[in-house]
Amino acid sequence: PFAVLGVYEDITERLEATRALGAEKERLAVTLRSIGDGVISTDTHGNVVIMNRVAEELTGWRQQEAVGKPLSEVFRIVHEETRQPCANPVEKVLQSGCIVELANHTMLVARDGSERIVADSGAPIKDAKGNIKGALEYVLDVTEEAQQQQMANEKIENLNAIPTPIMAIDT
């Protein structure tokens, strides 16, 4: 004679929670992919955690290659005129815990050496208790707008360079 002892556990709630978590994760991934500007998320050390398709196009880095790398390696920014490296905005965010915006004349140098004029801002990622868990870098390509502004400025300069005829009026 022998006995069979069986134990069972109802895991219905756990399965439902797992499905809900998976659906929420997919919704967030779709949202991130749908944003029309570059978005890069980092951990508390400033290393890339996730980036959207636009950020991949701007930086020349695929997400799979960028994950774990310092943002400064993936998101190389220099001053447009001096070509000096700009301060890493995520470092400023992580130190201050505040939203930080780049100065004007910031140029993003992509992995292939191509350059885009960008505007960006960084924001802390905080948990429910207000603890910083990372940073979010939001990148807007303003190259076209900057080129249009430059052309408009050049037209104004050219108009100002044309001598104005002076007419004498006899009285």
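The values are calculated or read from the model by the stated rules, or taken from the named source; none is laboratory data. The structure presented is a predicted model; accordingly, all values stated were derived computationally and were not measured. Positions of Cβ are generated from backbone atoms using ideal geometry, with glycine treated the same way; all protein chains shown enter the neighbour counts. Each accessible area value is taken on the protein alone, full model and side chains, heavy atoms only, with ligands, DNA and RNA left out. Shrake-Rupley method; radii C 1.70, N 1.55, O 1.52, S 1.80 Å.
Please report, as a whole percent, how much of the solvent-accessible surface of the chain comes from carbon and sulfur atoms (probe radius 1.4 Å).
The C+S portion of the solvent-accessible surface of the chain is 55 percent.
Mind listing which GluC sites (Glu not before Pro) in the range 1-59 are in a DSSP loop and have 10 or fewer other Cβ atoms within 10 Å?
Passing sites in the range 1-59 are 9.
Just flag the chymotrypsin sites (Phe, Trp or Tyr not before Pro) in the range 1-104 sitting in loop per DSSP whose Cβ has no more than 10 other Cβ atoms within 10 Å.
2, 8
So what's Rg/Rh here for the chain, counting alpha carbon atoms and using the Kirkwood radius for Rh?
Values: Rg = 26.1 Å, Rh = 19.7 Å.
For the chain, the value is 1.32.
Considering Cα pairs under 8 angstrom that are at least six residues apart, work out the relative contact order of the chain and quote it in whole percent.
It rounds to 18 percent for the chain.
Take the chain, mark every one of the trypsin sites (Lys or Arg not before Pro) that falls in a DSSP loop and has at most 13 other Cβ within 10 Å, then report the longest stretch left between them, sites excluded. Display every interim value, and only then the final one.
Numbers: sites that count: 62, 83, 129.
That would be 1-61.
Taking the solvent-accessible surface of protein heavy atoms with a 1.4 Å probe, what is the per residue accessible area of the chain in Å²?
For the chain, the per-residue accessible area is 72 Å².
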